[in-house]
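J.: The structure is given below, and queries will be raised subsequently.
Rule-based calculations on the coordinates, nothing more; no lab input. If you're wondering where the values come from, they're calculated on a predicted model, not measured in any experiment. Heads up, the Cβs are rebuilt from the backbone with ideal geometry, glycines too, and the neighbour counts pull from every protein chain shown.
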Amino acid sequence: GYGEESGTFTNNEGRIQAVRKFREPAFEARGNLAIFDFVAALRSQACQPSMQGEIFREIARLVPAYQGLTDGLGADGAFTT
């Protein structure tokens, strides 16, 4: 649910924004990355990278519009090019 995980998202105008965890889940539930890891394991595959910061660095390395960005975006985020 909302506020239960940290990460980033890119909105329709190309702004990358950070979201920070500010509450615990209301009940025991897997987070998004744990779900991806679980599905990958069911397919006898590994989801690599599987940590939020590592995933952002991988995107920044592979996607030209994200190159040079880090997951330390700050309050205003950043625009992709």
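J.: Where the only charges are on Cβ atoms (+1 Lys, Arg; -1 Asp, Glu), what is the dipole of segment 3-58 about its Cα centre, to the nearest 20 debye?
T.: Numbers: 7 positive and 8 negative charges, 15 e Å.
Here segment 3-58 has a charge dipole of around 60 debye.
J.: Output needed for the chain: three equivalent-ellipsoid semi-axes, defined as square roots of 5 times the C-alpha gyration tensor eigenvalues, in descending order, whole Å.
T.: Listed largest to smallest, the semi-axes of the chain are 24, 19, 9 Å.
J.: Can you work out the Karplus-derived ³J(HN,Hα) for every residue in segment 42-52? Use 6.51 cos²θ - 1.76 cosθ + 1.60 with θ = phi - 60°, whole Hz, and x for glycine or proline.
T.: 4, 9, 6, 10, 10, 8, 10, x, 10, 10, 3
J.: With θ taken as phi - 60° and the coefficients 6.51, -1.76 and 1.60, list the Karplus ³J(HN,Hα) couplings across segment 3-19 in order, rounded to whole Hz; mark glycine and proline as x.
T.: With the stated coefficients, segment 3-19 comes to x, 8, 9, 9, x, 9, 9, 10, 8, 5, 8, x, 7, 8, 10, 8, 10 Hz.
J.: Go through segment 1-63 and name the trypsin sites (Lys or Arg not before Pro) that are in a DSSP coil and have 16 or fewer other Cβ atoms within 10 Å of their Cβ.
T.: Sites meeting the loop and neighbour criteria: Arg20, Lys21, Arg23, Arg30, Arg43.
J.: Right, here's the next one. Starting from the amide H of Val19, placed 1.01 Å from N in the peptide plane, find each other amide H under 5 Å away whose residue is 5 or more places distant or on another chain.
T.: Gly7, Thr8, Phe9
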